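Data block below; observations after.
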Ligand SMILES: [Zn+2]
């Protein structure tokens, strides 16, 4: 692990070792600029710094995303973090709000005509829970760009390769056939057809068991390629048997032409186009860095080849073709970043029936502190005497702020990190 260094004009320099950072701080040549991630700022300007080739690598996930900064020349993981998203919390709070509003509106049941259609969604709209995941990763990436002299981004864009040359699961004869084969094939086809039988119809209900069905049957020279495979239930699979798609179409009296087109289209265009991944990719363009994309298969291949254990940040470090051969992941302490949001916008608290109970003031800082600030408390006496470090969880009317479940007077507090929408696991870095 390395410590990020800025010069006095806040220009990011080559990150340094924790030991060196300690010496700089001790000799007064630098000061602490930021606590999480740990950044120091030099007290002089560096004219022409030599900068290493650092790449920011991102492995987006639905609950947790991995982030790593890798020195491309030495293979050293300079920084690693895992971002825990709050998609479910957002959904829960929106559901709660909807419930309250619905209850309120239904108290007067007179019909009211909609006044105008104001429910249009803008281009590229994402549900708030997904939008927050995209924003979380982008925010962290943007902040890291200000701390480390990044020269590029590597991003895991898709789950499957459709190029399939790099797919680690392919070997031997199946590899020779070219297209996605092996044990990933089944998953690929199932996802592509949304885990639903393509021959389902109102006239004939489906079986529970899902199989792969060959559009052109094997007995008639049909291949094992993904473009010849569809997802079908056992019943329809057996019913189709040796028939071609056209013959089966006639037998059932249903037009199955669209299935053929969908089977021919690669997954990327057909189904599991992960909306969030694309949205984040487009957002990352704003960093103005060259972006390299990789697939999930390649990430796994890179990780297994380097005999690295499975972790979100290690996956991130293994994203993309440019992953260095000798990735140095020993002694790396990943920073645990948890998205906690910026508090609620709600100005009025309601009781369980939806009636207003209390109104909040517009003020968000009190005695210079804010909910979410990471503070250090030195309590001289009493039950909780001693030093405590933690996140302020509540601010009370009286000057007594809540920290780790007990109240502390603000005169004993010292802020070490301003609230920024994230919580950082308390690990002493550097
Ligand atoms: Zn079926």
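The values are calculated or read from the model by the stated rules, or taken from the named source; none is laboratory data. Note that the structure is a prediction, hence the values are computed from the model and not measured. Positions of Cβ are backbone-derived with ideal geometry, glycine not excepted, and every protein chain shown enters the neighbour counts.
Using the structure shown, decide if residue 237 is modelled with pLDDT of 90 or more, surrounded by 16 or more Cβ atoms within 10 Å (Cβ to Cβ) and assigned by TED's automatic domain parsing to the domain that holds residue 185. Outline the logic, then answer.
Values: modelled with pLDDT of 90 or more: yes; surrounded by 16 or more Cβ atoms within 10 Å (Cβ to Cβ): yes; assigned by TED's automatic domain parsing to the domain that holds residue 185: yes.
Here the answer is yes, as residue 237 does meet what is asked.
Could you please give the count of residues in segment 52-83 that are surrounded by 24 or more Cβ atoms within 10 Å (Cβ to Cβ) and assigned to a loop (DSSP other than H, G, I, E, B)? Total meeting the criteria: 1. Among the residues of segment 5-30, just one is over 24 Å from residue 73 (Cβ atoms) and touching a helix residue (DSSP H, G or I) at 6+ places or on another chain (Cβ under 7 Å), namely 30. Can you say whether residue 94 is at pLDDT below 95 and either touching a strand residue (DSSP E or B) at 6+ places or on another chain (Cβ under 9 Å) or outside the structural domain of residue 134 (by TED's automatic domain parsing) (or both), as far as the supplied structure shows? For residue 94, the condition - at pLDDT below 95 and either touching a strand residue (DSSP E or B) at 6+ places or on another chain (Cβ under 9 Å) or outside the structural domain of residue 134 (by TED's automatic domain parsing) (or both) - is met. Number of residues in segment 191-210 that are surrounded by fewer than 18 Cβ atoms within 10 Å (Cβ to Cβ), within 16 Å of the ligand (Cβ to nearest atom) and in contact (Cβ under 8 Å) with a residue 12 or more places away in the chain equals 11.
Restricting attention to segment 386-410, report how many residues are exposed (fewer than 10 other Cβ atoms within 10 Å of the Cβ) and not in a strand (DSSP E or B). Reasoning before the result, please.
Residues of segment 386-410 exposed (fewer than 10 other Cβ atoms within 10 Å of the Cβ): 387, 397-398, 405.
Now drop any that are not not in a strand (DSSP E or B), which leaves 397-398, 405.
Of the residues in segment 386-410, 3 are exposed (fewer than 10 other Cβ atoms within 10 Å of the Cβ) and not in a strand (DSSP E or B).
If you filter segment 218-234 down to residues that are over 33 Å from the mean Cα position of the chain (by Cα) and within 10 Å of the ligand (Cβ to nearest atom), you find that the one that is surrounded by the fewest Cβ atoms within 10 Å (Cβ to Cβ) is 234. Among residues of segment 104-131 that are touching a residue at least 24 places away in the same chain (Cβ under 8 Å), those with a beta-carbon under 6 Å from a residue that is in a helix (DSSP H, G or I) and surrounded by 10 or more Cβ atoms within 10 Å (Cβ to Cβ) at least six positions away or on a different chain give the pairs 126/279; 128/90; 129/87; 129/90; 129/91; 130/276.
Taking the conditions exactly as written (within 30 Å of residue 350 (Cβ to Cβ) and assigned to a helix (DSSP H, G or I)), does residue 21 satisfy them or not? Judged against the criteria, residue 21 is not a match.
Out of 215, 287, 280, one residue alone is closer than 30 Å to residue 146 by Cβ, crowded, with 18+ Cβ neighbours inside 10 Å and modelled with pLDDT of 85 or more. It is 280.
Residue check: is residue 322 within 16 Å of the ligand (Cβ to nearest atom) and either surrounded by 14 or more Cβ atoms within 10 Å (Cβ to Cβ) or in a helix (DSSP H, G or I) (or both)? So residue 322 fails the test.
Checking the conditions here, which among 186, 252 is within 14 Å of the ligand (Cβ to nearest atom) and outside the structural domain of residue 297 (by TED's automatic domain parsing)? Full working, then the answer.
Numbers: 186 fails: within 14 Å of the ligand (Cβ to nearest atom).
The unique qualifying residue is 252.
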